[in-house]
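Have a look at the structure below, then the notes.
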Amino acid sequence: MPSQLANRGCQVTTEQTDARIVNALNAVAARKNVTDVYFVACGGSYAHMLSSQYIVEREAKKIVGSALNSAEFKARAPKRLGENSIVITCSHSGTTPETVEAVKIAREAGALTISLTHELGSPLDRASEFTVSYVHSPMTMSPLHSAAVLARLAFGILKVREENAKADAFNKCLAALPALVDDHIANRRAKFSEFAEAHKRAAVIYTMASGANFGVAYSYAICILQEMQWIHSAAIHAGEYFHGPFEVTDFDVPFIQLMGVGPSRPMDERALAFAAKYSRRMTVLDAKELGANSFPENVSEYIAPLIFTPVLRAYADKLAEAKGHPLTVRRYMWKMNY
C-alpha cells in the first residue's frame, strides 16, 4: 500500500511526490547547462524559498541561487534568465496571479520550470512543466511538506549538476522529523500557554534570526503576526540588529529569537546577548535544544528551519486562542479587490 499522510481531506502519497521530484530532477540533469536557480513566490511561499536559496548559496560551486518575490521577478526581468536557468515557484492555492505569470515569463525565456502547489490542476500546475504537490499540516513536518520538498529540490539539483554529496544525508534526516517535531510540540505545551498569556495583548512582536532560519522569522512576522493576528511585526536579521533595529529594544518590547546551529549562530548569540540585557520579553527557540544537533553536522543547519516552522505554529495556535482571534480571520485578504 502507498504510504500516505492526511492532508485536509485529500491524500498525498510518498510514492507520488517522490516520483514527481525525480521527474523534475531528471529534467534538470538533462539540461545542457545550468547556471542559475531562481526561487520565486509570494508571502509565506516566498519565505520558504529563502532557506532553499540559502542551501544553493552555501553549497553550489558554480550555480547561483536567487530568491525573488514573484512581482519583483517580473519587474526586475533578470538578464541572466534563459535556457540555463531553473525557476522554482510555489503557491499554496496555485492561483497567485504574480506567480503564475512568473512561470509564463520563465518559460518564454527558455527556463525550466518546477512548481509546488497544494492544488493539482490549478493555474500554476497547468502553467508549469513540472509540478510537485505537498502535505499541508502546519504543526507537523515530514519529507512531503512544502518547505521540505523545496529543500529536497535544492539539494537534488546540486547533486545531479555538481555531484553534491549531502543530498542523500539530508533526505535521510527528513525521515526522523515527524517523530521529533511531534515530541517537541507535546512537551512544550506549558511554554505555548505561557507565551500566549504573556503576549495576548501585545501590540508589537519582533522576530529575529539569521542564516537558514531567517525565512522562518520572516514568515512568522508577515504571515502569522501581521496577517493572521494583526500584530505589528518585522523580521530582523541578527546580523543587521546592531545597524539600526536594536534602537527599538526596550524592557517591554517582545522579541522571538531563533538560534541556529550553523556558521550564522555567532550572529544570533551576539544579538541575543544585547536584546536579553535590555528586554524582559525575550522568547528564545534554540535549534540545539530542539534536536538539530542530533543530525549530522554537515546538514543540521538545513534541518533547523524545518523544526522551527511547526513548533512556532504551535505557539501561534495558542496565541490565537488566548486572543480570541482565530488564525483564519482576515480583514482584507480574499474579501476585497486588491
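The values are calculated or read from the model by the stated rules, or taken from the named source; none is laboratory data. Computed from a predicted structure; not experimentally measured. Cβ sites come from the backbone with ideal geometry, for glycine too, and all protein chains shown count toward neighbours. When the accessible area is computed, the model is the full protein with side chains, heavy atoms only, and any ligands, DNA or RNA have been set aside. Shrake-Rupley method; radii C 1.70, N 1.55, O 1.52, S 1.80 Å.
On the stretch given as the stretch 270-295, residues that are surrounded by 13 or more Cβ atoms within 10 Å (Cβ to Cβ) and assigned to a helix (DSSP H, G or I) total 8. Of the residues screened, T309 is one that is under 20 Å from A151 (Cα atoms) and polar (S, T, N, Q). Residues in the stretch 296-316 that are assigned to a loop (DSSP other than H, G, I, E, B) and not polar (S, T, N, Q) were compared, and the one that is nearest to the chain's Cα centre (by Cα) is V299.
Of the strands (runs of 3 or more DSSP E) that lie entirely inside the stretch 26-132, those containing 3 or more residues that are open to solvent by less than 10 Å² (accessible area, probe 1.4 Å) span 36-41, 85-90, 112-116. In summary, A238 fulfils each of the numbered conditions (1) crowded, with 20+ Cβ neighbours inside 10 Å; (2) closer than 17 Å to A202 by Cβ with the single exception of condition (2).
Just give me the residues in the stretch 47-65 being touching a helix residue (DSSP H, G or I) at 6+ places or on another chain (Cβ under 7 Å), within 16 Å of E162 (Cβ to Cβ) and of a type in the set (A, V, I, L, M, F, W, C), in sequence order. Within the stretch 47-65, I55, V56, A60, I63 meet the criteria.
Of all the numbered requirements in (1) free of Cβ contacts under 8 Å to residues at least 60 places away in the same chain; (2) of a type outside the set (G, A, S); (3) surrounded by 15 or more Cβ atoms within 10 Å (Cβ to Cβ), L312 misses one, and that requirement is (1).
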